[in-house]
Structure formats: structure tokens, C-alpha cells
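Here's the structure, in C-alpha cells; my notes come after.
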Amino acid sequence: MGVTKPPILVCRAIAQETIERLEQHFDVRSNQGDEPWSREQFIAALQGREGLFATGGERIDAQLLQACPQLRIVANMSVGFNNFDIPAMNAHRVLGTNAPGVLTETTADFGFALLLAAARRVTEGERYLREGHWTRWEYGMLQGADVHGTTLGILGMGRIGQAIARRGRLGFGMNVIYHNRSRLAADVELETGATYVGKDELLKQADHLVLVLPYSASSHHAIGAAELALMKPSAVLVNIARGGIVDDAALAAALRNKRIAAAGLDVYEGEPAVHPGLLAVSNIVLAPHIGSATASTRIAMANLAADNLVGFFHGAGPKTPVNPEVLNAVAA
Ligand code: DGY
């Protein structure tokens, strides 16, 4: 008699090679057609499944956990895990895992892409050209802000924040300052060339501010009207972290009133919906949450989520649990 494979659900379309890998270890139900499931359809598809391969956008809360009592692990293929209600998962003894590390450099590249595009008005320039306005040279045409040699502020100094700091210092000769819940060890500060400052100092001194902090109740609207009011009128704000960290209505007003010069956003409150005030201003670069979207990084993210599922069910243990206390509770 063959060994029964644990049943799992892959709730969105992913690379076929990852599905094939998962099928070696699991009884896989997948949504390779990428059908847009309602919450009810998602919960129905999860029935009887012990593992979930998630993208990071699926809310895992008490209601879902109650409706899916067989579920034991949710493996996000994202570093962010603000879709997890950790207390509810702990109460139901469901493990969550994320995918840190593998997307650090790719996401840091994208942070710089947004910073450069917003500061140098790249997408505004493209629209200007495509709309046929470029008929002659003009001295003041689309003048932007320098990035090299300026002060780069980073709010949130985890792996991605540090990768941005290195790019700023080594690639663009920037003076790098940061603020974080806790100050980095001296050797990391030395290696990244970043100087710790208080949050208000960061807002006041930065020529360009990149947000890379995780979303939580305490980081909700970490940048709102009061914080934007502290920033330089020439400043550029970049958010590659999570929607909800910035008060999008306040940002739209600040851009409209030229309280700050420009913004580059990859994430939004309530995405994929975008605040109409952000769509209405031209001094912004808008991307549809693609910070980690390169072919090789997507595969690495999916492989890490798969490793976590395989490790959980087949002995070696998950590589990157976010609530490891569940493992101890299960073992006890
Ligand atoms: C992450 O991994 O959290 C990125 O935002 C991609 O979803």
C-alpha cells in the first residue's frame, strides 16, 4: 500500500515546476487557472487540506481557521505576513511561514527604480513624449531632483533596508540615515554606512525617504499628514513596504499641494484599489506591487514556501516559521 501524501492547496497560479515539485510530496489541489475565488470559494477549496501554499494576500483569521479545522500550516511565498492573524493561528495551532532573504536584493533594486523614476520624473517624461508635447528643447523641461550625493533616509532597517543603504552609499555616494524600532549593531552600521537618527530627524533631514518597515497595528499610518509636514518640500517618498503604512489620502494631498515633491509607490491601502487622489496627481510613479517580481526571484520565493511545506510534513522542519511557538505546542 502506498504512503498517503498530505493534502495541500495552492490557491493561486504559480510556476508549473513548483507544482510538479509539490506533487512529489503532496496530494495537490491547485488553482492553476487562477480563478478569482471569493472568500467562500477559497474556504470551500481548503476543506480537508492540511497545508496551504499562499501568496501573502490571503487573510488567515479566526473565521477561516474555524471553518478549516484540518489546516496545520500556511506557507506564504512572501516576506510580509500581515495576512496572518498570529494570535488566532496560535490558538488553532496553525503554523505560518514566510519567505525572507530570497527577495532582498530584487526588492531593493525596485526601491531604487522607484526613487530614480520619481526624482527624475521618468514616467512623467514618458507621458509627455507619448502625448506629443515634446516639440522642442526647453531649459526648464521636466527638471527633477538629484539622487547622487544627497541624503537618503530609510525607515525600517531589516534586510531590504540594509540592501537599499548599500546601494545608496556605494552606488550613489549618498549620506545614509535610518530609523528603526531598534538600533542596528555597530558592525552592521559600519558595513552599511548608515547613521541612526530619531524618526523626526529622519523626516526632516532626508532628501529622499524609503519606507521598508513591516506593517502592523503600530506602523499603521506611520506616515500621515503630520509626518509629511516635517519633510522637505523637495523630498521624494518611496513606499515598497506595505499599504497602510502611508495614509494615502494625506499623501495625495501633500503631492497635490506640493508639500513634498514626488512619490514612488508599489503598495497601497486597500490594493489593488488605488486612492483616486493618487491617480489624480502627476508627481507620482505608481507600480502594481511588483517589487519582488523577477522570474528568478519568484521561483526562489515559491521554492522557499515549498521547502517550508516539505520540511513541516516530512521531518526536517520548516525553514522560516514566523510563529515557531506552534511547533513546540504541537510537539509537547
Ligand atoms: C513580500 O514578499 O512581502 C513582497 O511584498 C511581495 O509580495
Answer from Leu116, Leu142 - the residue that is of a type in the set (A, V, I, L, M) and in a helix (DSSP H, G or I): Leu116
Set Ala117, Ala91, Ala67: member being in contact with a Gly (Cβ under 7 Å, 6 or more places away or on another chain), open to solvent by 10 Å² or more (accessible area, probe 1.4 Å) and more than 16 Å from the ligand (Cβ to nearest atom): Ala117
Positions within the range 185-207 being within 22 Å of the chain's Cα centre (by Cα) and open to solvent by 30 Å² or more (accessible area, probe 1.4 Å), in sequence order: Lys199
Residue ID - nearest to the chain's Cα centre (by Cα), chosen from residues in the range 33-63 that are surrounded by fewer than 13 Cβ atoms within 10 Å (Cβ to Cβ) and within 19 Å of Thr18 (Cβ to Cβ): Asp34
Residue in the range 255-262 that is more than 16 Å from the ligand (Cβ to nearest atom), assigned to a helix (DSSP H, G or I), touching a His at 6+ places or on another chain (Cβ under 9 Å) and at pLDDT 95 or above present: no
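Quick check on my filter: what residues within the range 17-31 are among the charged types (D, E, K, R) and out of contact with any strand residue (DSSP E or B) (no Cβ under 8 Å at 6 or more places or on another chain)? Walk me through it before giving the result.
In the first step, residues of the range 17-31 are kept if they are among the charged types (D, E, K, R); the result is 17, 20-21, 23, 27, 29.
Correct list: Glu17, Glu20, Arg21, Glu23.
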Residue within the range 133-144 that is closer than 25 Å to Ile260 by Cβ, in contact with a strand residue (DSSP E or B) (Cβ under 6 Å, 6 or more places away or on another chain) and small (Gly, Ala, Ser) present: no
Filter result for Ile154 (under 23 Å from the mean Cα position of the chain (by Cα) and in contact (Cβ under 8 Å) with a residue 40 or more places away in the chain): yes
Subset of the range 28-61 [among the basic types (Lys, Arg) and over 21 Å from Glu271 (Cβ atoms)]: Arg29, Arg49
Filter result (in contact with a helix residue (DSSP H, G or I) (Cβ under 6 Å, 6 or more places away or on another chain) and either over 16 Å from Ala54 (Cβ atoms) or not assigned by TED's automatic domain parsing to the domain that holds Leu22 (or both)) within the range 296-316: Thr297
Test: Arg181 is within 20 Å of Asp200 (Cα to Cα) and surrounded by fewer than 18 Cβ atoms within 10 Å (Cβ to Cβ): yes
Listing of helices (runs of 4 or more DSSP H) fully contained in the range 267-332 that carry 1 or more residues being within 17 Å of Gly80 (Cα to Cα): 295-313
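Which residues, taken from the range 72-88, are among the hydrophobic types (A, V, I, L, M, F, W, C) and either surrounded by fewer than 23 Cβ atoms within 10 Å (Cβ to Cβ) or within 13 Å of the ligand (Cβ to nearest atom) (or both)?
Ala75, Met77, Val79, Phe81, Phe84, Ile86, Ala88 - these are the residues of the range 72-88 that are among the hydrophobic types (A, V, I, L, M, F, W, C) and either surrounded by fewer than 23 Cβ atoms within 10 Å (Cβ to Cβ) or within 13 Å of the ligand (Cβ to nearest atom) (or both).
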Number of the condition not met by Gly270 [criteria: (1) away from the ligand (no atom under 14 Å from the Cβ); (2) open to solvent by 50 Å² or more (accessible area, probe 1.4 Å); (3) within 26 Å of His148 (Cα to Cα)]: (3)
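The values are calculated or read from the model by the stated rules, or taken from the named source; none is laboratory data. Quick caveat: nothing in here was measured; it's all calculated off a predicted structure. Quick reminder, even Gly has a Cβ in these numbers, built from the backbone with ideal geometry, and neighbours come from all protein chains shown. Remember, those area values only see protein heavy atoms, side chains included, never the ligands or the DNA or RNA. Shrake-Rupley method; radii C 1.70, N 1.55, O 1.52, S 1.80 Å.
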